[in-house]
Amino acid sequence: MTDTAHPAFTGPDLCRLSAREAVRLLDRGEVSPAEMLDAAFARMDQMEPSVNATVIRAGARAQEAVARLDRADAGTPGWLAGLPIGIKELTPVAGLRHTMGSPALADQVAEASDPLVERLEARGGVVAGKTNSPEFGAGGNTFNPVFGITRNPWDTRRNAGGSSGGAAVSLATGELWLSHGSDLAGSLRTPAACCGVLGLRPAPGRAGGGPASTAFAIEALQGPMARDTGDLALFLDAMAGWDARQPISLPAPEEPFLTAWDRPPGRIRLAFSEDQGGFAPVEAEIRAVLRAAMTRVARAGTPVEEACPDLPGLSDTYLTLRGVHYGAVMGALPDRVQAAFKRTVRENVAFGLSLDPQAIYAAMRQRTVLYHAMRTFLERFDALAIPVVGLSPGPVEEEYPARVDGEPVRDYVDWLRFSFLATTCGLPALAMPAGFTAAGLPVGLQLIGRPRGEARLLQVARHVEEVLGLPATPIDPVVRHG
């Protein structure tokens, strides 16, 4: 950051803690879950008028959860010990509103929780609230007609990214220590980059499954968001595990992710491409911040090679697979719900339902080609470093940018092209802070790891985090008008 001081933090002292520090205090009995919940709600009282991130508070439900907290799993990997957490509004939590950001579902209350929510609560997580998302998660800017706009805490005139924008802001402002997200076109990576926090799209099945109605699909996945790499590892451990209701879910690893994160990483080798081999445009300032970050990593002794594999047909392959998702999931919703769709959701469903079978078959074949290209490329490197997005956060009133580095944007997903690779290939991808623009807005770096390679990816990200030494959130919002 060159011309703006790092924003202050004036919230409750407990909200400054990392999730790992908070869990240690909770485990030792030095602070109670009720005190942590009080701190979270107090911070929400401070923040929500400015940012609109945690749009549904759990209130009595959270207090009841604290009262009946079962400590049977204390000390096991992912144990959260009564820590308040956020759940994205798209994911059902029993007894809480579940609107999907749609006016047609504005009064819907979930009867049952998603299996991942059940797992998190069984492991000591206390759902303090649900965080804002665009309607049905469709968009890289978080707003909907039910709850309104979520604002970027680094400049409240700017958007927070999407679709896990509320989750990212809840972390950046200190409302919560850990916040759950989901990802199809960078939906937890983009807001992490926009808000100066971290988001991990894990390998398929690592954190539960995809949509309940298409349980074998691997495109739309859930994952952890946090303020540093260690907290990300802790949250991933809390999410990991097999559940027969989620057929792609994986057993938890023998070595916990937090344990792997805490081990010396050994030799790391990174590939870096500031535009993924020319795949998408990137503004000059974003390129400069990313180059500077990777130069610092290289000067710290980690080899960084300018390299990117050939990825033929990536865009068409991803867009086809995404279309199948929309046709299968949103295209099967009741007519009364579809009648209320915003334009971009309608267009996505129409595209999915219009796909020619030959295009779908070609995408299934080409996905395999792309996967093997990345698999063999990553035999030489621990991760591929690319942008998260090619520009800094735009105005909250703008659904998506008209241009990136002078190149016209065709539709609302076109500017999110850097999200396509990990989703198409089923690879873990981590978004993390890399620096700031001259205006003081965060810039994110994306690290794409080896198949099911979250443990190594977390080690690599920790090394980059330590080298860059960027100021950490939480922050008070920078409230600007005009």
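Values as computed for the structure displayed
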| item | result |
| --- | --- |
| Highest to lowest packing among 180-189, 387-396, 241-250, 34-43, scored as the average C-beta count within 10 Å | 180-189, 387-396, 34-43, 241-250 |
| Cα-based shape type of the stretch 280-344, given that a ≥ b ≥ c are square roots of the gyration tensor eigenvalues and the cut on a/c is 1.5 | prolate |
| For the stretch 439-452, 3J(HN,Hα) per residue [Karplus equation, 6.51 cos²θ - 1.76 cosθ + 1.60, θ = phi - 60°, Hz, x = Gly/Pro] | 7, x, 9, x, 10, x, 10, 10, 10, 9, x, 6, x, 6 |
| Amide H contacts under 5 Å for residue 127, placed H, 5+ residues apart | 85 |
| Euclidean distance between Cα centres, the stretch 115-145 to the stretch 302-328, Å | 26 |
| Cα→Cβ-extended label distance, 7 Å offset, between residue 307 and residue 263, nm | 2.3 |
| Net length gained if the chain between residue 300 and residue 371 were fully extended (0.36 nm per residue, minus Cα distance) | 22.5 nm |
| For residue 158, residues with placed amide H under 5 Å, excluding near neighbours | 152, 396 |
| Whole-angstrom gap from the stretch 23-79 to the stretch 378-447, using each part's C-alpha centre | 32 |
| Shape category assigned to the chain from the gyration tensor of Cα positions, a/c cut at 1.5 | rounded |
| FRET efficiency for residue 343 and residue 397, using Cβ-Cβ distance with R0 set to 22 Å, rounded to 0.05 | 0.90 |
| Accessible-area composition of the stretch 333-479, carbon plus sulfur, in percent [1.4 Å probe] | 55 |
| For the chain: accessible area per residue (Å², 1.4 Å) | 36 |
| Protection proxy ranking, peptides 158-170, 220-232, 127-139, average beta carbon neighbours within 10 Å, highest first | 158-170, 127-139, 220-232 |
| Pair residue 242, residue 28: separation of 7 Å Cα→Cβ label points (nm) | 3.7 |
| Rounded, prolate or oblate (a/c below 1.5 giving rounded, otherwise prolate when a/b exceeds b/c) for the stretch 2-160 by Cα gyration tensor | oblate |
| Among 18, 83, 236 the positive-end extreme of the charge dipole of the chain (Cβ point charges) | 236 |
| Unit charges at the beta carbon, dipole of the stretch 349-404: most positive-side option, 355, 383, 372 | 372 |
| Electrostatic dipole magnitude of the stretch 1-142 [Cβ: Lys, Arg +1; Asp, Glu -1; Cα centre; debye, to 20] | 200 |
| Cα-projected label distance for residue 215 with residue 118, points at 7 Å along beta-carbon direction, nm | 1.1 |
| Gain upon complete extension [residue 108, residue 479; 0.36 nm per residue less C-alpha separation] | 130.3 nm |
| Dipole magnitude of the chain, debye to nearest 20 (Cβ charges: Lys/Arg +1, Asp/Glu -1, about Cα centre) | 480 |
| Under the Karplus curve 6.51 cos²θ - 1.76 cosθ + 1.60, θ = phi - 60°, whole-Hz ³J(HN,Hα) for the stretch 73-89, x wherever Gly or Pro sits | 9, 4, x, 8, x, x, 5, 9, 6, x, 6, x, 9, x, 10, 5, 4 |
| Relative contact order [Cα under 8 Å, 6+ residues apart], the chain, whole percent | 20 |
| Sequence-distant residues sharing a close amide H with residue 205 (under 5 Å, placed H) | none |
| Estimated FRET transfer efficiency when R0 is 22 angstrom, pair residue 10-residue 67 (beta carbons, to 0.05) | 0.15 |
| Accessible carbon and sulfur surface of the stretch 144-230 relative to its total accessible area, %, 1.4 Å | 55 |
| Dipole magnitude (debye, nearest 20) for the stretch 41-124, charges at Cβ of Lys, Arg, Asp, Glu | 180 |
| Contour minus Cα-Cα distance for residue 254 and residue 411 (0.36 nm per residue) | 52.2 nm |
| Efficiency of FRET from Cβ geometry, residue 45 and residue 356, R₀ 56 Å, rounded to 0.05 | 0.60 |
| Around residue 477: net Lys/Arg minus Asp/Glu count, Cβ-Cβ under 13 Å | +1 |
| Net charge over other residues, Cβ less than 13 angstrom from the Cβ of residue 68 (K, R count +1; D, E count -1) | -1 |
| Per-residue ³J(HN,Hα) for the stretch 280-285, Karplus 6.51 cos²θ - 1.76 cosθ + 1.60, θ = phi - 60°, Hz, x for Gly and Pro | 8, x, 9, 5, 4, 5 |
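The values are calculated or read from the model by the stated rules, or taken from the named source; none is laboratory data. What you see is a predicted model; the values in this text were computed from it and never measured. Cβ: placed from backbone, ideal geometry, glycine included. Neighbour counts: every protein chain shown. When the accessible area is computed, the model is the full protein with side chains, heavy atoms only, and any ligands, DNA or RNA have been set aside. Shrake-Rupley method; radii C 1.70, N 1.55, O 1.52, S 1.80 Å.
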